[in-house]
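This report refers to the structure that appears directly beneath it.
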Amino acid sequence: MLTVLIFIAALALLGQAFIGLTFFVSCIWEGEKRATVFAGLQFSGMLALAVVFLFLTGAGLFETDIGLTFLVGGLVLGAIASFLLMRRTAANLRALEGTRGLIIGNVKRHDEREIVFARNRSIRPSSEQYRVFYREHPEYEEYDAKRREKGGPLGHPGTIDTPNEGLNVAAALASLSIPIYLSTPDKVEPETHPEMRGKKINLSPEEATERTKGYTKTLGADLVGIAEINPLWIYSHRGEIFYENWEDWGKEIEVRHRYAVVFAVEMSFEMVGTGPHTPTMIESMRNYAKGAHIATQLASFIANLGYSATASHLRHYEAVLVPMAVDAGLGELGRLGYLITKEFGPRVRLGAVTTDLPLMPDKPVDMGVEDFCRICNKCAMCCPSNSIPLGDRAMCNGSLRWKLNAETCFEYWGGVGTDCNICMRVCPWSHARTFPHKVVVELVTRNRTSRRLFSFMDDIFYGKRPKPKAPPRWAQFNN
């Protein structure tokens, strides 16, 4: 019996030392200097404990009454700790309902004309649309006018990396050209290819779902889910104009489809880690371009099957994608206003295709994000514009959530000349999915004890206000 107890204890100590070693290596790979130091100390302590245990075993300590007491006591404490960290606590029933679980009042459909990006990009001073909009929304006019004087968020003179931002801005704008090109009406709502006209292909919802998801991933999506569309997440009126089709501005958007294929593409850990500097802007635009490429081809695929489909991407949104992604089971809404996925945290960009092709909807998920975000607060503390709220969620437009202040957030973007991504960078869910971080994610999704422990440890190892990392050599801004 003693031999069995010693073997179990030795295996546990060596196992934790192995995890400590993998975390140390992971920190080196991540380029996290502070975390590397603390991880090195942690691994040294774990290894020393295992070596001391083996030495005491060889010395026969555990054959004595005192030694046996320590051995059994240590195993009991280890078992209790493992149970507390690994047990699955009660499910968040609200999260398992998706966005419906967050609705506690009357929700008004979002008007795209009121979105800060649409106001900045589409409404031209002195135009008829300008007069109409600000007559109805005078609260925005002075604020928007001051922001327009600063220029847009993409590399205007005075960016955070001036005077050496030119190369990175050129790369970001190159990627941006793709979603602009793919936002023409014939690409957003593609017609059936001539060779497929009159050949509507009948599929069962199960087969249609399997083929649609498979094709979406083949095109480059990292995550794909299906949602039955809640009309509340379709914009009420068109607000973004890119091809002088001003007759569409303010036009009511009809809810025509029943299903949405929602997908996510991963943003590079290395590039996001530089935020708010210009390399992170390159990564955003690269993923928006990738999302436009996927959404456009997916919509064309569905059209060729004989069904209606509309692509939603950076330069043509008909839907609010984060709540739709929640309903599609891709993740949960976090404090920072982004979707948080189990696989990549908030380091994703979203795209979607709405359609009348019969599909099988996925179920919303409970990953413990609501609880973790309530404990953590790191994104709010690190936000340079104080746009992310502290404290608990509150009702906003009939829905329970943390309400990002889009006005002050976008104003900061205009000041630094990038899309910032600081909140995305510092979020503990954003760590690269190396082996130790995968273990942590599994534990955090299971119970509250792990959420509290690893939120605290993230502050210790990475700091409460982590600093941006150096970009890869090709994207260095030389400041």
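The values are calculated or read from the model by the stated rules, or taken from the named source; none is laboratory data. Please read all numbers here as calculations on a predicted model, not as lab measurements. When we count neighbours, we look across all protein chains shown, and the Cβ atoms used for this are built from the backbone with ideal geometry, even at glycine.
General observations
- Residue within the stretch 164-181 that is under 30 Å from Met367 (Cβ atoms), in a helix (DSSP H, G or I) and of a type outside the set (Ser, Thr, Tyr) present: yes
- The set of residues in the stretch 204-222 being buried (at least 18 other Cβ atoms within 10 Å of the Cβ) and either assigned to a helix (DSSP H, G or I) or at pLDDT below 95 (or both) consists of Ala208, Thr209, Thr212, Lys213, Thr216.
- For the stretch 46-78, a residue qualifies if it is in contact (Cβ under 8 Å) with a residue 12 or more places away in the chain and small (Gly, Ala, Ser), and the qualifying residues are Ala50, Gly74, Gly78.
- Residue check for Gly98: at positive phi and surrounded by 15 or more Cβ atoms within 10 Å (Cβ to Cβ): yes
- Among the residues of this structure, Pro466 does not count as one that is assigned to a loop (DSSP other than H, G, I, E, B), in the same structural domain as Ile282 (by TED's automatic domain parsing) and either more than 19 Å from the chain's Cα centre (by Cα) or in contact (Cβ under 8 Å) with a residue 12 or more places away in the chain (or both).
- Residue in the stretch 277-300 that is on the phi < 0 side of the Ramachandran plot and not in a helix (DSSP H, G or I) present: yes
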